[in-house]
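What follows is one structure encoded as structure tokens, with my remarks underneath.
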């Protein structure tokens, strides 16, 4: 997916106009600014979802000072790796610029996933990695095979919170974001990872085929700015929350869904392929060159 599918960071100039009357039984249209997405994700970052839950966040002392207080038995659970991790996979986004320090790994070309090998298992360490691992969507490639990353909670292998905090900081130092909005960088890296999956996934044993730009229901051009979700119920729920007036709940659900690559934004002029018309008021559209289709309102691609 091109970067045009995501907000450019300018909340004043980017507005998602949604004709929601067919989806939530109201007349007229509802305007949802980019702050609907960016505000929700920023809130997640603010509470530590991106860097780890509050249960393993450090206190007033530094991470180095806290780590110095850890007992040798705590650090002994951090096993050494026998060979290097050469790729990390999140759903169908592939990342190959892998950085490591001891038993800690992260994708420098991907989201801020911090992963560690503990007691023979690969374990998600920070909050955003745990969110993917909890759904079985995160794997590492080592020794010519894919190994599923596990979510063992905020204190994996019984590690103390200060040790976990040090591991998280090590990973974030290894794979920092550049200048600009972290949210834009996350979105762009996930999109680049999706393209990488299609282009070179076969080199890592992934069954990938470049999709043909054909659709049984035809090629379309997006008519209005909006968003779509891979799961129809998720899409409908976001619209329902927004239509009820509870914008905070809608913001939160949409923000989490964007981070987890379950929902994406579309802009006027994007080329898509309509793949499913099971619901009379909605359409599932696939961005040109991609494999997933996203449920959205019919008016996104068709005139009433």
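The values are calculated or read from the model by the stated rules, or taken from the named source; none is laboratory data. Nothing here was measured: the structure is a model prediction, and the numbers come from that model. No Cβ is skipped: glycine too gets one built from the backbone with ideal geometry, and neighbour counts run over all protein chains shown.
Candidates 282, 244: the one that is touching a helix residue (DSSP H, G or I) at 6+ places or on another chain (Cβ under 9 Å), over 30 Å from residue 144 (Cα atoms) and either assigned by TED's automatic domain parsing to the domain that holds residue 107 or exposed (fewer than 14 other Cβ atoms within 10 Å of the Cβ) (or both) is 244. Number of residues in the stretch 254-279 that are in contact (Cβ under 8 Å) with a residue 60 or more places away in the chain, touching a helix residue (DSSP H, G or I) at 6+ places or on another chain (Cβ under 9 Å) and on the phi < 0 side of the Ramachandran plot equals 12. Considering every residue within the stretch 157-171, establish whether at least one is under 13 Å from residue 88 (Cα atoms), in contact (Cβ under 8 Å) with a residue 60 or more places away in the chain and in a loop (DSSP other than H, G, I, E, B). Within the stretch 157-171, none of the residues are under 13 Å from residue 88 (Cα atoms), in contact (Cβ under 8 Å) with a residue 60 or more places away in the chain and in a loop (DSSP other than H, G, I, E, B). From the list 105, 141, exactly one residue is more than 25 Å from residue 256 (Cα to Cα) and under 20 Å from the mean Cα position of the chain (by Cα). Which is it? None of the other options fit; the residue is 141.
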